[in-house]
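Chemist: Pasting a structure here, questions to come.
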Amino acid sequence: MKSVLIRLEGPLQAWSSQGKLRIRDTEREPTKSGVLGLVGAALGMERDDDALLAELRTLSLAVRVDRPGSLLRDYHTAGGGRFRGAKYLVHGAGDCVPSERYYLQDASFVAALGGDDALVERVATALRSPHWPLFLGRRACPPGVEPFIALAAAGAAGAARAAPRALLRQGEDVQTPLRLVVEAPPSAGGEPRYDDPLSFAHTRRSFGIRYVKTEWVTLPDAALQEVANT
């Protein structure tokens, strides 16, 4: 089994699993739906291509939190003005539509997708030269670094544990354990997450439940190096 390692780092990220309309939340680490959305953009996957999405869903996801970042709340408004002389309406509302949007600031993660070797290699090739622009959960959140790190000859959890870490910043301790979120069945302590994408199509967008658990990992000194994209 192989895994592809992906660096998810940028000024802002947003990984929502529950937010809709006026409240747009974010989880504290990347969701499977968000990571597969990024991979789908790299592959040039159409929103209604449920067959390709079903293939991608077979990949196991592990996420290591190298830098948790901080939570940002943005008061956002849409509509209520005029565009090209006509009143600009959003969702059929006759006036401005306010919303609260939450983001992670200055966070850094390593995501590992593991599974069928041919599919993993296809994903890695696409990440090196993406078909469409990539974003970290929302289109307003472009990556700050190239996402592809490397291919690893291990499952997702093992690859995420051994992946190199970005350079430490002032105040960060080399011995501080890092949070690692891995997929696991309920019998192994997995808890439900409603972020397994069944379809990205606009008219039938839907999600299922997957199960994850949290572990902690302390990296050896050899892993504390700036990630080199290859």
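Chemist: Kindly list the number of the only condition in (1) open to solvent by less than 60 Å² (accessible area, probe 1.4 Å); (2) under 22 Å from Ala14 (Cα atoms); (3) modelled with pLDDT of 95 or more that fails for Arg101.
Modeler: (3)
Chemist: Can you list the strands (runs of 3 or more DSSP E) found entirely within the stretch 31-129 that contain at least 2 residues being aromatic (Phe, Trp, Tyr) and more than 28 Å from Ala162 (Cβ to Cβ)? Before you say what the answer is, go through the steps one by one.
Modeler: On the way: elements: 60-67, 70-78, 97-115.
Hits in the stretch 31-129: 97-115.
Chemist: Take the stretch 13-30 and flag every residue that is surrounded by fewer than 21 Cβ atoms within 10 Å (Cβ to Cβ), more than 23 Å from Ala162 (Cα to Cα) and touching a residue at least 12 places away in the same chain (Cβ under 8 Å).
Modeler: Within the stretch 13-30, the subset surrounded by fewer than 21 Cβ atoms within 10 Å (Cβ to Cβ) is 16-25, 28.
Retained after the next criterion (residues that are more than 23 Å from Ala162 (Cα to Cα)): 16-25.
Result: Ser16, Ser17, Gln18, Gly19, Leu21, Arg22, Ile23, Arg24, Asp25.
Chemist: Would you point out the residue of the stretch 207-230, among those that are among the hydroxyl-bearing types (Ser, Thr, Tyr) and modelled with pLDDT of 95 or more, that is nearest to Ala54 (Cα to Cα)? Write out each step before concluding.
Modeler: Kept after step one, since they are among the hydroxyl-bearing types (Ser, Thr, Tyr), are these residues of the stretch 207-230: 211, 214, 218, 230.
Of the ones still in play, those that are also modelled with pLDDT of 95 or more are 211, 214.
Numbers: Tyr211: 17, Thr214: 25 Å.
By that ranking, first place goes to Tyr211.
Chemist: Then there is this: Return only the number of the condition from (1) farther than 15 Å from Ile6 by Cβ; (2) small (Gly, Ala, Ser); (3) not in a loop (DSSP other than H, G, I, E, B) that Ala140 does not satisfy.
Modeler: The single condition Ala140 does not satisfy is (3).
Chemist: Report, ordered by the first and then the second residue, all pairs with beta carbons closer than 8 Å, sequence separation of six or more or different chains, a first member in the stretch 178-204 that is closer than 21 Å to Phe109 by Cα, and a second member that is assigned to a loop (DSSP other than H, G, I, E, B) and among the aliphatic types (A, V, I, L, M).
Modeler: Filtered contacts from the stretch 178-204: Leu178/Leu219; Gly190/Ala184.
Chemist: Scanning the stretch 46-88 for residues that are open to solvent by 90 Å² or more (accessible area, probe 1.4 Å) and not acidic (Asp, Glu), which turns out nearest to Leu168 (Cα to Cα)?
Modeler: Arg73
Chemist: Right, here's the next one. Six or more apart or on different chains, Cβ atoms under 7 Å: show the pairs whose first residue is in the stretch 54-72 and more than 15 Å from Glu27 (Cα to Cα) and basic (Lys, Arg) and whose second is modelled with pLDDT under 95 and part of a strand (DSSP E or B).
Modeler: Going by the 7 Å Cβ cut-off, there are no qualifying pairs.
Chemist: Looking at the stretch 162-180, can you tell me whether even one residue there is out of contact with any Lys or Arg (no Cβ under 7 Å at 6 or more places or on another chain), modelled with pLDDT of 95 or more and either crowded, with 22+ Cβ neighbours inside 10 Å or assigned to a loop (DSSP other than H, G, I, E, B) (or both)? If you could, list the steps in order and put the result at the bottom.
Modeler: Narrowing the stretch 162-180 to residues out of contact with any Lys or Arg (no Cβ under 7 Å at 6 or more places or on another chain): 162, 164-177, 179.
Filter once more, keeping what is modelled with pLDDT of 95 or more: 179.
Now narrow it down to the ones that are either crowded, with 22+ Cβ neighbours inside 10 Å or assigned to a loop (DSSP other than H, G, I, E, B) (or both): none.
Within the stretch 162-180 (the criterion being out of contact with any Lys or Arg (no Cβ under 7 Å at 6 or more places or on another chain), modelled with pLDDT of 95 or more and either crowded, with 22+ Cβ neighbours inside 10 Å or assigned to a loop (DSSP other than H, G, I, E, B) (or both)), the answer is no, since none of the residues qualifies.
The values are calculated or read from the model by the stated rules, or taken from the named source; none is laboratory data. Since the model is a prediction, treat every value here as computed from it, not as a measurement. Please note: Cβ atoms are built from the backbone with ideal geometry, for glycine as well, and neighbour counts cover all protein chains shown. Note: accessible area is taken over every heavy atom of the protein model, side chains too, but ligands, DNA and RNA are not part of it. Shrake-Rupley method; radii C 1.70, N 1.55, O 1.52, S 1.80 Å.
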